[in-house]
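J.: What follows is a structure written as structure tokens; I'll ask about it next.
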């Protein structure tokens with residue numbers, strides 16, 4: 001048996017024990033919480049009212065999903081991670097153990113936020129080819145590549161060419177990386 005903690009609109013917490021999520025569907029529905037098929041939710045997870053958890057998502061034990069938060073399909077939320085109210089976690093994104101994603105933050109599809117990262121705010125840019133997401137600790141994810149800002153500066157051109165970026169797209173993404181550097185407080 002697992003225990004799940006559900007929050008209502010005034011912040012009260014209801015603790016429910018269940019063996020299968022289908023057993024608590026009425027309570028989830030009453031709180032406007034939607035849970036897709038093939039979702040795995042660990043023990044002692046807290047889910048806020050109006051939250052949405054996409055198909056195939058995995059929520060680690062002790063995680064906290066905020067009110068109106070959206071977890072994309074096949075996303076993974078680590079052990080004791082905290083997802084803020086209104087935050088949006090993209091599909092197949094990976095949020096590490098004990099990471100803290102802030103209120104209304106937007107984490108891109110397939111982004112990786114490492115364990116123990118504190119990300120009170122986010123940066124998400126939709127480029128002409130892939131999304132760019134600031135992932136904390138001076139790292140940036142572009143498409144499926146997650147590198148530090150310094151690594152992007154040193155290797156970004158080669159990475160972009162290996163992934164078929166045009167010269168104009170390379171210039172475009174260098175501008176985005178400059179914005180990310182300012183955002184991270186690492187402007188040169």
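J.: Among 72, 127, 48, which one moves the most in a GNM of the chain with springs linking Cα atoms closer than 10 Å?
T.: In this elastic network of the chain, the residue with the biggest mean-square fluctuation among 72, 127, 48 is 127.
J.: Taking the C-alpha atoms of the stretch 1-81, how large are the radius of gyration and the largest Cα-Cα span, Dmax, in Å?
T.: 11.0, 30
J.: Counting pairs of alpha carbon atoms under 8 Å apart in space and at least six apart in sequence, what relative contact order in percent does the chain give?
T.: On the way: 478 pairs, mean separation 19.5, N = 188.
Averaging sequence separation for qualifying contacts and normalising by length gives 10 percent for the chain.
J.: Let me ask something else. What FRET efficiency, computed as 1/(1 + (r/R0)^6) with R0 = 25 Å and r the Cβ-Cβ distance, is obtained for residue 1 and residue 55, rounded to the nearest 0.05? Intermediate values should be presented prior to the final figure.
T.: Numbers: r = 24 Å, r/R0 = 0.95.
Plugging the Cβ-Cβ distance into 1/(1 + (r/R0)^6) gives 0.60.
J.: Further, regarding this structure: Say we join alpha carbon atoms closer than 10 Å with springs in a Gaussian network model of the chain; which of 158, 81, 63 then has the biggest fluctuation?
T.: 158
J.: Follow-up question, since we're still on this one. Could you give the length gained on full extension between residue 137 and residue 30, defined as 0.36 nm per residue of separation minus the Cα-Cα distance, in nm?
T.: On the way: separation 107, 0.36 × 107 = 38.52 nm, distance 3.86 nm.
Between residue 137 and residue 30, full extension yields 34.7 nm more.
J.: Over the chain, with a Gaussian network built from C-alpha contacts below 10 Å, which listed residue (171, 77, 41) shows the highest mean-square fluctuation?
T.: 171
J.: Please give the contour-minus-distance gain from residue 118 to residue 103: 0.36 nm per residue of separation, less the Cα-Cα distance, rounded to one decimal in nm. If you can, show how the numbers build up before the last one.
T.: On the way: separation 15, 0.36 × 15 = 5.40 nm, distance 1.19 nm.
My answer for the length gained is 4.2 nm.
J.: In a solvent-free Debye calculation with one equal scatterer on each Cα, what is log10 I(q)/I(0) for the stretch 57-128 at q = 0.23, 0.28 Å⁻¹, listed in the order of the q values?
T.: Values, matching the q order: -0.91, -1.40.
J.: Using packing as a proxy for protection, rank 132-143, 89-100 so that the peptide with the highest average count of other Cβ atoms within 10 Å comes first. Please list the in-between numbers first.
T.: Values: 132-143: 23.2, 89-100: 21.3.
Answer by packing, highest mean first, reads 132-143, 89-100.
J.: Would you compute, from DSSP H runs of 4+ residues alone, the mean residue ellipticity of the chain at 222 nm, taking -39500 (n - 2.57) per run and dividing by the full residue count, rounded to the nearest 500?
T.: Numbers: 3 runs with 38 residues, N = 188.
The per-residue figure over the chain is -6500 deg cm²/dmol.
J.: Let me check the size of the chain from its C-alpha atoms; what are the radius of gyration and Dmax in Å?
T.: 17.9, 56
J.: Taking a point 7 angstrom from the Cα of residue 79 along the C-beta vector, which residues in the stretch 105-124 have backbone N less than 14 Å away?
T.: So the set is 115-116.
J.: Taking each pair of distinct Cα atoms in the stretch 127-167 once, what is the resulting Kirkwood hydrodynamic radius in Å?
T.: Details: mean 1/r = 0.0960 Å⁻¹.
The Cα-based Kirkwood calculation yields 10.4 Å.
J.: While we're on this one: Using label points projected 7 Å from each Cα along Cα→Cβ, tell me how many nm separate residue 168 and residue 148, to one decimal.
T.: 3.4 nm
Read-outs throughout are calculated quantities, based only on the coordinates presented, and are distinct from any laboratory measurement. For clarity, every value in this text was computed on a predicted model and none was experimentally measured. With ideal geometry, Cβ positions are generated from the backbone for all residues, glycine too; neighbour counts draw on all protein chains shown.
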